[in-house]
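Single-structure report; data block below.
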Amino acid sequence: MEQSSAVEKALDVLFHLHGSPEPLGVTALGRALGMPKSSAHRLLGALGRRGLVEQDARGRYRPGIGLVALGVGTLSREPVVEAARPVLEREAESLGETLFLAAARAGRIHILDKCEGPGFLRASPRVGSEVPVGATAVGKLHLAFAPEQVADGDATSRFTPETLGTRALARDVAAVRERGWASNRDEWQAGLSAVAAPVLLGERLIAAVAAAAPSARLREADLPSVAERVRSAAARVSARLRGDAA
């Protein structure tokens, strides 16, 4: 009986953190669930050791990356991945370039899915790989719309001579916030460019759709037109998540 009660309380913690719009401290969580602070702290410690919850820089708790593996086994079963897959496939074929789905997990941005276009030269990041925050289009989207989701320690890292410095990055992020899409040219990998747009539920950033290609093929002048296609694809993914589209 005690074991069953402990499991139920642990599930209450996970579901409450999942439903909270922001991370919660031990005191706030215990108060919300009507349990002693010591009990909440003990449960959070056990869940944290399994990666089911994690702490932010202020010590507050939020759902952890371990939840991705719990019950589903692979990233491919995430709802956003299932919603995005047919959209990515169609757009990769139509645009002729590689389409990515990326999202923040445990403070880092990871590639959740990838559909390659028919072009001979293809973008290289693999599913599951981590991409930097300050030198990629998907990273800039997170800095613009959900900075609390990412650890910005690598936002000042330089990867190529084209990587933006702190002030230039801040200006670029402000522009991303204004226009609703982001780009990078040779900033992370020399010869690689990308355009990304947000997948939103309400005003919440869920993920990002990105199109990536060799810079010689994705020229500066092409960015706005490609951005419109990527924004349309991201909007279709958002609609599928809401159940508004087939």
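The values are calculated or read from the model by the stated rules, or taken from the named source; none is laboratory data. Computed from a predicted model, the values in this text were never measured in an experiment. With ideal geometry, Cβ positions are generated from the backbone for all residues, glycine too; neighbour counts draw on all protein chains shown.
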Unmet requirement for E93, which otherwise passes all of (1) within 20 Å of the chain's Cα centre (by Cα); (2) in the same structural domain as A235 (by TED's automatic domain parsing); (3) at pLDDT 90 or above; (4) surrounded by fewer than 18 Cβ atoms within 10 Å (Cβ to Cβ): (1)
Selected residue [under 19 Å from E93 (Cβ atoms), at pLDDT 90 or above, in the same structural domain as F100 (by TED's automatic domain parsing) and over 21 Å from the mean Cα position of the chain (by Cα)] from S232, S225: S225
Sole exception among (1) buried (at least 17 other Cβ atoms within 10 Å of the Cβ); (2) modelled with pLDDT under 95 for E116, by number: (1)
Output for segment 197-215, where each listed residue is surrounded by 24 or more Cβ atoms within 10 Å (Cβ to Cβ) and either in contact with a His (Cβ under 8 Å, 6 or more places away or on another chain) or charged (D, E, K, R) (or both): A208
Residues (loosely packed, with under 15 Cβ neighbours inside 10 Å and not polar (S, T, N, Q)) located in segment 1-15: M1, E2, A6, V7, E8, L11, F15
Members of segment 1-54 found to be out of contact with any strand residue (DSSP E or B) (no Cβ under 7 Å at 6 or more places or on another chain) and not in a helix (DSSP H, G or I), listed by number: M1, S20, P21, E22, G25, G34, M35, P36, R50, G51, L52
Hey, A104 closer than 29 Å to V195 by Cα and modelled with pLDDT of 90 or more or not: yes
Odd one out for A69, checked against (1) at pLDDT 85 or above; (2) surrounded by fewer than 21 Cβ atoms within 10 Å (Cβ to Cβ); (3) out of contact with any Leu (no Cβ under 6 Å at 6 or more places or on another chain); (4) within 27 Å of G243 (Cβ to Cβ): (1)
